[in-house]
Amino acid sequence: MRIGLCGYPKVGKTSVFEVVSGLSSPARTHSASLATVPVPDERLDRLFSDFEKAKKVHTQIEYRDPHSRETSVEGATALSLNAANAASVLALVVRGFENPNTPHVFDSIDPVRDVKLFLNRMLERDITVCERRVERIDVLYGKAKSDELARERDIIRKCIGYLRDNRPLQQVQICPAERETVRSIEFSTLKSLLIVLNVDEKDAAASRLDEITTEFKAIAPEYAAVVALCAQLECELLELDDDSRRMFMDDMGMTCLAQERIIRASFEATETIRFYTIGDDEVRAWPLKVGASSVTAAGTVHSDMARGFIRADVLTYDNYLKAGSMRDAKTQKLGRLEGKDYIVADGDIIEFRFNV
Ligand SMILES: Nc1nc2c(ncn2[C@@H]2O[C@H](COP(=O)(O)OP(=O)(O)O)[C@@H](O)[C@H]2O)c(=O)[nH]1
Ligand SMILES: [Mg+2]
């Protein structure tokens with residue numbers, strides 16, 4: 001699961017990246033810094049403490065922070081959207097902090113305005129990408145007519161209609177078959193959206209962050225998740241030892257570190273659930289798209305398991321807790337066998353039966 005940080009210059013993208021990566025030294029490519037972080041998971045912790053396996057494997061998220069010296073609004077926007085290709089989530093960082101040393105590109109602080117403007121840019125970008133593809137299809141169609149191309153062009157034209165109506169593609173119904181037909185296009189408005197509001201030091205207290213988040217959710221696009229933090233303070237906190245950090249946080253009215261909140265919010269923005277497997281040497285959490293079937297889940301673990309799929313032995317996490325242990329759940333017959341069309345639920349503990 002990949003998340004691309006994007007936004008205007010000097011809003012705190014790199015600071016937010018440092019917060020999520022916990023200041024550990026990230027990998028660098030020529031165009032971006034990359035950090036892979038585990039998604040906190042209480043269910044996995046509990047399962048792990050029960051099974052005494054060698055390894056605990058969390059679901060992971062990769063964050064990308066594009067390197068950019070680009071200072072023009074146009075250039076920086078295009079660059080950050082292009083850098084997010086291959087990411088399934090955009091983390092749009094907007095600025096709520098004042099800092100006279102680094103003025104905002106629009107000279108004033110107005111995060112609501114910035115979200116609106118950036119969303120417009122995303123819509124415009126998607127329209128441009130669509131129009132380019134239609135031009136290309138016209139050329140190809142002129143050479144050799146095909147139903148496939150005609151269908152693709154129809155779907156793209158429909159998308160252009162939505163986009164011109166100011167509707168991000170996340171908010172319209174595109175069926176999986178249509179999505180598959182236009183898979184060559186990286187729509188930015190089809191990605192999940194997490195708005196990361198980088199607030200001023202004076203707004204860093206937990207109660208104030210809650211207020212701001214609630215206010216922001218009301219004006220943000222319906223499909224977006226919202227998380228607020230003061231990136232500057234959070235970076236400073238990460239450098240302190242535990243005791244000093246606790247004192248500093250108490251002074252500022254901060255209750256928990258933003259690192260965990262951002263990672264959780266990122267995961268929640270992706271419409272992904274987690275299922276669990278207990279292997280010979282590891283207890284593991286796996287990400288899965290909401291609505292995916294047990295055979296897709298099997299394929300996530302290993303392609304052989306999907307190919308030779310027989311049954312999924314499913315224990316819900318609630319039943320596991322009720323029984324208190326896996327063995328008791330087995331003797332009480334709380335698990336059930338499911339076929340390949342079973343829609344996996346968040347928290348399912350699954351043993352796949354397969355034969356290859
Ligand atoms: N006062 C204040 N300054 C911040 C905050 N977050 C970032 N900055 C500063 O703003 C400048 C730009 O931040 P940076 O993370 O490099 O932004 P980017 O260009 O979006 O990657 C840096 O000088 C940061 O120290 C914040 O929460 N409060
Ligand atoms: Mg940066």
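Every read-out reported here was derived from the displayed coordinates using simple, explicitly stated rules and does not represent laboratory data. If you're wondering where the values come from, they're calculated on a predicted model, not measured in any experiment. Every residue, glycine as well, gets a Cβ built from its backbone with ideal geometry; the counts of neighbours run over all protein chains shown.
Based on alpha-carbon atoms, the Kirkwood radius and the radius of gyration of segment 35-151 give Rg/Rh equal to 1.16. Converting phi to 3J(HN,Hα) with the Karplus coefficients 6.51, -1.76 and 1.60 and the offset θ = phi - 60°, segment 195-200 yields 8, 9, 8, 8, 8, 6 Hz in sequence order, with x at every glycine or proline. With the simple model of a label 7 Å out from the Cα in the direction of the Cβ, ARG311 to GLU236 spans 6.0 nm.
Averaging 1/r across all pairs of distinct Cα atoms in segment 215-356 and inverting the result yields a Kirkwood radius of 18.2 Å. In this rough spin-label picture, where each label sits 7 Å from Cα along the Cβ direction, the SER303-PHE51 distance is 2.5 nm. For the chain, the calculated P(r) over all alpha carbon pairs, in 20 Å bins from 0 to the bin holding the longest distance, is 25, 51, 23, 1 percent.
By DSSP, the beta bridges lying fully in the chain are antiparallel in about 50 percent of cases. Calculate, for SER24 and ALA177, the FRET efficiency according to 1/(1 + (r/R0)^6) with r their C-beta to C-beta distance and R0 45 Å; round to the nearest 0.05. Calculated value: 0.60. Summarising the amide proton neighbourhood of ALA84: residues at separation of 5 or more, or on other chains, whose placed amide H is nearer than 5 Å comprise an empty set. Within the straight-line cut-off of under 19 Å between alpha carbons, none of the lysines are reachable from LYS145, sequence neighbours fewer than 8 places apart in one chain being disregarded.
If you plug the beta carbon distance of ASN120 and ILE343 into 1/(1 + (r/R0)^6) with R0 = 35 Å, you get a FRET efficiency near 0.45. Subtracting the Cα-Cα distance of ARG245 and ARG136 from their residue separation scaled by 0.36 nm leaves 33.6 nm. Note on segment 185-276: Cα-only Rg and Dmax are 15.1, 50 Å.
Across segment 277-356, C-alpha contacts under 8 Å between residues 6 or more apart give a mean separation that, scaled by the residue count, equals a relative contact order of 41 percent. Spatially, segment 240-316 and segment 15-80 are offset by 14 Å when compared through their Cα centroids. For ASP165 and VAL73, the difference between the fully extended length at 0.36 nm per residue and the C-alpha to C-alpha distance is 30.7 nm. According to the square roots a ≥ b ≥ c of the eigenvalues of the Cα gyration tensor, what is the shape class of segment 120-183, taking rounded for a/c under 1.5, prolate for a/b larger than b/c otherwise, and oblate for the remainder? Because a/c hits 1.5 or more and a/b fails to exceed b/c, segment 120-183 counts as oblate. For segment 241-251, backbone phi angles converted through the Karplus equation (6.51, -1.76, 1.60; θ = phi - 60°) give residue-by-residue couplings of 6, 4, 5, 5, 5, 4, 5, 4, 5, 4, 4 Hz, Gly and Pro being listed as x. In this structure, the amide hydrogen of THR59, modeled 1.01 Å from its nitrogen in the peptide plane, lies closer than 5 angstrom to those of VAL39, ALA285, counting only residues at least 5 positions away or on a different chain. Taking all Cα pairs closer than 8 Å and separated by 6 or more residues, the relative contact order of the chain comes to 19 percent. Relative contact order, whole percent, for segment 114-237 stands at 25, derived from Cα pairs under 8 Å and 6 or more residues apart.
What is segment 291-354 by shape, rounded, prolate or oblate, if you read a ≥ b ≥ c off the alpha carbon gyration tensor as root eigenvalues and call it rounded for a/c under 1.5, prolate for a/b larger than b/c, and oblate otherwise? Note, shape of segment 291-354 comes out prolate. Calculated mean residue ellipticity, 222 nm, the chain: -13500 deg cm²/dmol, from DSSP H runs (n ≥ 4) at -39500 (n - 2.57) each, averaged per residue and rounded to 500.
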